[in-house]
Amino acid sequence: MPFSQFIDYLALEKKYSPHTVTAYKKDLESFLAFASEGYNYTTINQVSYSIIRSWIVSLVDKNISNRSINRKMSSLKTYYKFLLKTSQIEINPLAKHKALKTAKKIQIPFSEKEIENVLELLKSADDFESVRNKLIVELFYSTGIRRAELVGLLLADVSVSQKTIKVLGKRKKERIIPLLSPVAISIEQYLEFRKNLNYIKDDKHFFLSIKGVKIYETLVYRIINAYFSEASEKVKKSPHILRHSFATHLLNEGADLNAVKELLGHSSLASTQVYTHNSIVKLKEVYKKAHPRNSK
């Protein structure tokens, strides 16, 4: 495999997730195919920037979004930095490359009312899947964990007595997140149903399907999308929007930015500051209270 050394570096040294490693590998293989077919290269180690530029043009011609092209360039740039670090090349062909301009994506969080409506739909949950789905919604909104983190939760990571969960985040970084009392109750309810499943294969994993195997990311997305489609008219209804809602609602209520950063598992404040854009409702409220021309 032409990129095996680099792939091992990403997985073992950088501790990137399997999903991220696969994405990098696909990007590199795609560029190698382009360089091979168009320019007879058998490796991309010594290509010039002009060839990379030609690939960018070909991607634009295929209507690939600037955001996706930038991600592919990021994969290439990381690869060439690795080659420099391991003395396999002397010049990074992407050293002076500038990312393509992209429109800023505005993530619109769910309102508190929309989340309440979904929890109301699940209020009378009395079977394994409904109880599990209710807990999934509650955990996303009360902890802000990522979809992959929720899927990867182990039984040993969840402590009802201490009201905490241990989350394995990006690059294998662990963090402890506190649980609200209602969520701890929902966990106990779920565990009762879980232990009565007819068959359990993945016994170490916390969240299971009714067949006793660990849940997967696509299933989690479908669960969130299905329930929020009944309670929200927003275009995007995903686990990430619940994470976004968690952070936005905390900050709107005056939570410390650094504390939210720790809860989310961000490595820098810059990532957390994305969530500081208050909703228009909150802005109007602050504006009316603070402006001297507003009649008291």
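Would you call residue 171 in the same structural domain as residue 194 (by TED's automatic domain parsing), within 21 Å of the chain's Cα centre (by Cα), assigned to a helix (DSSP H, G or I) and surrounded by fewer than 16 Cβ atoms within 10 Å (Cβ to Cβ)? Answer is yes for this residue. Within segment 114-151, the residues that satisfy the criterion of being farther than 14 Å from residue 182 by Cβ and in a loop (DSSP other than H, G, I, E, B) are 124, 126, 127, 144, 145, 146. When 39, 16 are screened for being more than 26 Å from residue 102 (Cα to Cα) and out of contact with any Phe, Trp or Tyr (no Cβ under 7 Å at 6 or more places or on another chain), only 39 passes.
Residue-level analysis places residue 200 outside the set of residues that are assigned to a helix (DSSP H, G or I), on the phi < 0 side of the Ramachandran plot and surrounded by fewer than 18 Cβ atoms within 10 Å (Cβ to Cβ). Does residue 28 satisfy being assigned to a helix (DSSP H, G or I) and at negative phi? The answer is yes for residue 28.
Residues in segment 73-113 that are among the charged types (D, E, K, R) and not in a loop (DSSP other than H, G, I, E, B) were compared, and the one that is surrounded by the most Cβ atoms within 10 Å (Cβ to Cβ) is 77. Could you say which residue among 242, 257 is on the phi < 0 side of the Ramachandran plot, in contact with a helix residue (DSSP H, G or I) (Cβ under 7 Å, 6 or more places away or on another chain), surrounded by 13 or more Cβ atoms within 10 Å (Cβ to Cβ) and free of Cβ contacts under 8 Å to residues at least 60 places away in the same chain? Exactly one of 242, 257 is on the phi < 0 side of the Ramachandran plot, in contact with a helix residue (DSSP H, G or I) (Cβ under 7 Å, 6 or more places away or on another chain), surrounded by 13 or more Cβ atoms within 10 Å (Cβ to Cβ) and free of Cβ contacts under 8 Å to residues at least 60 places away in the same chain, namely 257.
The values are calculated or read from the model by the stated rules, or taken from the named source; none is laboratory data. Source: prediction; values computed, not measured. Don't worry about glycine lacking a Cβ; one is built from the backbone with ideal geometry, like all the others, and counts go over all protein chains shown.
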